[in-house]
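**Student:** Before I ask anything, here is the structure I am working with.
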Amino acid sequence: MFKNKHFIIALLIAPILAIIAYFGTDMAVSEKPQAAQEGETYKLVSKSNCRYTSGLCSMENGDFKIQFRSEGLTQHALDLSLKTEFPLDGVKVALASSPEAKATPTDMLRSDESGQHWHLTLAAPSSEQDELRVVISANNTLYYGETSTEFVVYETLFTEK
C-alpha cells in the first residue's frame, strides 16, 4: 500500500488542502467586523464573569468594553463603579426585580474628567434574579445590555439580617 507513489502524495497533500479549505471557508462566510456607526444602537453581551459571585461583570460589543465592579453591598445599598477604555457621554443604570419588571433608570456620575470612570449607589438587589440594565452613550452611539446581579457578593446581604 505504501509503495504506491500516488497514495503517498495523496497522504501529504490532503492535510494541506484541508487547512486551506478551512481558512478559505472562514474568510468566505464569516461576518466582517464593522466600526460602530454614529446614531446607531448596539447590544452589549455579558461575559461569563457576570454569572459568578466575583464582584466584577464585563460587557462588550466588539472593541467597546465596560466593566462593572461591586464596590460595596449592604442590606440597603449597592455601590457600583464602571470603567471603560473609551470616554463616555453618559450612563444610565436600572435594577429590575425580574425580566418583565419595569425599572426607573438612574444616571451614573463621573468619577473623573476623562469620562472613563463612573460610580453610582443603588438600592440593594433583593435576590439573585434581579437584573442590572444599562444604557451607555458614547460618540453619539448608544450601547445597551442587561445581566443578572449574581456577580454582586450576596453573602453579606443575606447574613446581616
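The values are calculated or read from the model by the stated rules, or taken from the named source; none is laboratory data. It should be emphasised that the depicted structure is a prediction, and the values quoted were computed from it without experimental measurement. Cβ placement follows ideal geometry from the backbone for every residue including glycine, while neighbour counts extend to all protein chains displayed.
**Student:** Tell me, which strands (runs of 3 or more DSSP E) wholly within region 36-118 include 2 or more residues that are touching a residue at least 24 places away in the same chain (Cβ under 8 Å) and in contact with a helix residue (DSSP H, G or I) (Cβ under 6 Å, 6 or more places away or on another chain)?
**Tutor:** On the way: elements: 41-43, 56-61, 64-73, 77-84, 90-96.
The qualifying strands (runs of 3 or more DSSP E) are 56-61.
**Student:** Tell me, yes or no, whether region 5-20 has at least one residue that is surrounded by 11 or more Cβ atoms within 10 Å (Cβ to Cβ), among the small types (G, A, S) and at pLDDT below 85.
**Tutor:** no
**Student:** Do we have any residue at all in region 86-98 that's modelled with pLDDT under 90, closer than 20 Å to N49 by Cα and of a type outside the set (G, A, S)?
**Tutor:** Scanning region 86-98 turns up at least one residue that is modelled with pLDDT under 90, closer than 20 Å to N49 by Cα and of a type outside the set (G, A, S).
**Student:** For region 45-62, which residues satisfy the criterion of being at pLDDT below 85 and among the hydroxyl-bearing types (S, T, Y)?
**Tutor:** If the condition is that a residue be at pLDDT below 85 and among the hydroxyl-bearing types (S, T, Y), then Y52, T53, S54 are the ones that fit.
**Student:** Within region 21-58, track down each residue that is over 21 Å from I136 (Cα atoms), among the β-branched types (V, I, T) and surrounded by 12 or more Cβ atoms within 10 Å (Cβ to Cβ).
**Tutor:** T53, the sole residue that qualifies.
**Student:** Is it the case that some residue within region 15-25 is hydroxyl-bearing (S, T, Y), part of a helix (DSSP H, G or I) and outside the structural domain of V93 (by TED's automatic domain parsing)? Give the derivation first.
**Tutor:** Narrowing region 15-25 to residues hydroxyl-bearing (S, T, Y): 22, 25.
Cutting the leftovers down to part of a helix (DSSP H, G or I) gives us 22, 25.
Still in the running and outside the structural domain of V93 (by TED's automatic domain parsing): 22, 25.
Yes, that holds for at least one residue.
**Student:** Moving to a separate point now. When you scan region 70-93, do you find a residue that is in contact with a Cys (Cβ under 7 Å, 6 or more places away or on another chain) and more than 30 Å from K32 (Cβ to Cβ), even just one? Show your work before the answer.
**Tutor:** Residues of region 70-93 that are in contact with a Cys (Cβ under 7 Å, 6 or more places away or on another chain), as a first pass: none.
No, because not a single residue in region 70-93 is in contact with a Cys (Cβ under 7 Å, 6 or more places away or on another chain) and more than 30 Å from K32 (Cβ to Cβ).
**Student:** Sticking with this structure for a sec: Would you please name the residue that is nearest to Q67 (Cα to Cα), looking only at residues in region 90-145 that are among the acidic types (D, E) and surrounded by 16 or more Cβ atoms within 10 Å (Cβ to Cβ)? Steps first, please.
**Tutor:** Restricting attention to region 90-145, the residues satisfying the condition of being among the acidic types (D, E) are 100, 107, 112-113, 128, 130-131.
Filter once more, keeping what is surrounded by 16 or more Cβ atoms within 10 Å (Cβ to Cβ): 130-131.
Details: D130: 18, E131: 16 Å.
Looking at residues that are among the acidic types (D, E) and surrounded by 16 or more Cβ atoms within 10 Å (Cβ to Cβ), I get E131.
**Student:** Just the residues that are among the aromatic types (F, W, Y) and over 33 Å from the mean Cα position of the chain (by Cα), please, taken from region 1-34.
**Tutor:** Matches in region 1-34: F2, F7.
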